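Single-structure report; data block below.
The values are calculated or read from the model by the stated rules, or taken from the named source; none is laboratory data. The shown structure was predicted, so the numbers you read here are calculated from the model rather than taken from an experiment. Neighbour counts run over all protein chains shown; Cβ positions are idealised from the backbone, glycine included.
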């Protein structure tokens with residue numbers, strides 16, 4: 001899908017700039033990039049994620065101007081932002097709710113890729129960069145949550161960082177050394193908060209770099225599409241990214257933005273925990289420590305394993321296995337649209353992740369613990385057994401010969417005309 005640039009600078013200034021910094025050429029080529037014309041609204045989440053990344057950085061920088069990274073002042077500085085800083089409440093709620101909506105969009109984006117096979121060759125690096133972005137996002141969000149320095153934040157930091165002490169069972173003293181290095185001492189204290197604050201400020205810019213590589217990797221093979229077929233005839237099967245898909249992305253962003261605005265202005269604390277509005281107290285442990293909702297599936301996996309070290313390995317493996325998906329899926333067909341058997345297992349995976357999210361919010365005991373173990377087992381079985389086996393034994397349904405054939409009967413054979421594809 002990559003092609004030679006067609007941009008021609010028309011003024012003396014643009015010719016001068018283009019010979020030294022071809023930024024206008026890059027933007028122009030990006031806008032006219034040939035995009036499969038049958039993309040549905042699920043492909044708009046890339047633009048939605050870009051919007052939220054920019055929003056999180058802007059609001060984060062503003063909040064950093066007023067935040068005090070000290071255990072004695074951190075909680076009060078956030079209260080001062082909420083009460084005394086002009087529109088501080090809006091900046092704080094936008095940043096806090098934005099993190100939740102950011103993860104919601106990422107999870108939808110990833111499940112879309114799993115459904116339509118966007119991780120398959122030649123897009124393996126594109127997928128792996130996406131997984132790397134998710135991991136850095138998780139680290140960034142965890143550190144940001146800790147900065148509130150409320151009860152839940154403090155104990156979440158204490159519990160999660162203590163997990164590394166399980167490495168002592170592999171190499172004596174290794175885990176304890178890592179924990180003390182993270183803490184900057186022998187307990188979660190001022191040095192810990194300063195380290196988390198510094199990294200929370202730094203990592204979003206690492207995400208920006210990964211996103212740039214992600215977009216670069218996307219524009220080499222081009223976008224996948226609901227059929228999973230590669231573009232053969234650009235004139236018939238693609239449309240310029242602008243104005244066709246920019247307007248589609250803006251429409252999706254507006255709808256998603258309504259949900260975002262509703263939560264920010266009407267129920268900003270709905271996704272949070274009331275316990276975190278109590279200042280951190282190392283002497284009082286909350287009865288039930290629960291992380292933010294977007295961490296709950298991984299938290300359920302962590303607690304489902306009886307061994308502490310086993311739980312840590314399982315939790316990190318649940319992310320590491322995602323890197324292997326391009327090679328674990330043995331099917332020659334990309335899209336689940338033509339894979340009836342795999343489609344059933346895909347929805348089983350969606351249900352599995354939702355169930356793990358719910359179980360992560362429950363005390364790890366009784367039936368909830370047994371259920372968490374069952375769903376944790378299926379999570380790994382899906383990727384390590386189901387995907388390879390189903391790909392070998394499944395008989396796909398008939399597929400169109402070309403991408404153009406897939407929408408001829410929908411009246412899309414004329415270039416420039418684009419109608420939305422019906423829902424699956």
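Which ranges mark the helices (runs of 4 or more DSSP H) fully within the stretch 4-85 that have 3 or more residues being exposed (fewer than 13 other Cβ atoms within 10 Å of the Cβ)?
Answer list for the stretch 4-85: 12-18, 23-31.
Just to be sure I understand, how many residues within the stretch 340-370 are in contact with a helix residue (DSSP H, G or I) (Cβ under 6 Å, 6 or more places away or on another chain) and under 19 Å from residue 290 (Cα atoms)?
Looking only at that region, the number is 10.
Just the residues that are crowded, with 20+ Cβ neighbours inside 10 Å and closer than 12 Å to residue 38 by Cα, please, taken from the stretch 196-238.
Listed by number, the residues that qualify are 223, 224, 225, 226, 227, 228, 229, 231, 237, 238.
Being within 20 Å of residue 54 (Cβ to Cβ) and either over 23 Å from the mean Cα position of the chain (by Cα) or assigned to a helix (DSSP H, G or I) (or both) is true for just one of 283, 258, 302, 296. Which residue is that?
So the residue among 283, 258, 302, 296 that is within 20 Å of residue 54 (Cβ to Cβ) and either over 23 Å from the mean Cα position of the chain (by Cα) or assigned to a helix (DSSP H, G or I) (or both) is 258.
If you go through the stretch 390-411, how many residues are within 30 Å of the chain's Cα centre (by Cα) and exposed (fewer than 14 other Cβ atoms within 10 Å of the Cβ)?
Count: 1.
For residue 243, are the conditions met, namely being loosely packed, with under 15 Cβ neighbours inside 10 Å, outside any helix (DSSP H, G or I), over 25 Å from the mean Cα position of the chain (by Cα) and without any contact (Cβ under 8 Å) to a residue 60 or more places away in the chain?
no
Taking the stretch 137-151, which residues are within 16 Å of the chain's Cα centre (by Cα) and either under 23 Å from residue 223 (Cβ atoms) or assigned to a loop (DSSP other than H, G, I, E, B) (or both)?
Once the filter is applied, which keeps residues that are within 16 Å of the chain's Cα centre (by Cα) and either under 23 Å from residue 223 (Cβ atoms) or assigned to a loop (DSSP other than H, G, I, E, B) (or both), the stretch 137-151 yields only 137.
Of all residues being surrounded by fewer than 16 Cβ atoms within 10 Å (Cβ to Cβ) and in contact with a helix residue (DSSP H, G or I) (Cβ under 7 Å, 6 or more places away or on another chain) in the stretch 164-177, which is modelled with the lowest pLDDT? Just the residue, please.
For the stretch 164-177, the residue satisfying everything is 169.
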